[in-house]
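Below is one structure, written out as structure tokens; comments come after it.
The values are calculated or read from the model by the stated rules, or taken from the named source; none is laboratory data. Computed from a prediction, not measured in an experiment: that's the story for all the values here. Here the Cβ positions follow ideal geometry from the backbone for every residue, glycine too, while neighbour counts run over all protein chains shown. All accessible areas refer to the heavy atoms of the entire protein, side chains included, with ligands and DNA or RNA removed. Shrake-Rupley method; radii C 1.70, N 1.55, O 1.52, S 1.80 Å.
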Amino acid sequence: VQLQASGGGSVQPGGSLRLSCKGSGIVFRLVTMRWHRQAPGKQRELVADVTGGGNMTYADSVKGRFTVSRDNTKNTVYLQMNSLKPEDTASYFCNTDYKGRGFWGQGTQVTVSS
């Protein structure tokens, strides 16, 4: 199982980024995909997730600004991040559970600063 995340970068406050995470080695359409983030000195937090059926949940801190989606034909989950704030600065990780184990992609850095 591999999760490959991409799409991070540096933006000014109010800007947008889209993260992608492509999965392989799993029956992608059946698993819940999650995005987490971890800022320096802080605990990792769940940002958003989307079930295989397309149900989405969000952390309160990103509701109305971030949108999680998935394309099962491409084995890819996305995180569209709009109206970015400096406090969104973190490494972002995708994650899933498969056959009783948790799998993580490598982090992709998002930096929001002026």
* To do: Give the number of residues within segment 25-55 that are among the basic types (Lys, Arg) and at positive phi.
  => 0
* Asked: Got a number for residues in segment 105-114 being closer than 12 Å to Gln4 by Cβ and surrounded by 15 or more Cβ atoms within 10 Å (Cβ to Cβ)?
  -> 3
* To do: Would you check if Gly52 is open to solvent by less than 40 Å² (accessible area, probe 1.4 Å) and in contact with a helix residue (DSSP H, G or I) (Cβ under 8 Å, 6 or more places away or on another chain)?
  => yes
* Asked: From the list Arg37, Arg44, which one is among the charged types (D, E, K, R), open to solvent by less than 40 Å² (accessible area, probe 1.4 Å) and at pLDDT 95 or above?
  -> Arg37
* Asked: Tell me, which strands (runs of 3 or more DSSP E) wholly within segment 25-114 include 1 or more residues that are among the charged types (D, E, K, R) and within 15 Å of the chain's Cα centre (by Cα)?
  -> 33-38, 45-50, 66-71, 90-98
* Only residues in segment 45-72 that are free of Cβ contacts under 8 Å to residues at least 60 places away in the same chain count as the first member; pair them with residues that are of a type in the set (Phe, Trp, Tyr) and not in a strand (DSSP E or B), Cβ under 6 angstrom, at least 6 apart or cross-chain, and list the lot. => Asn72/Phe28
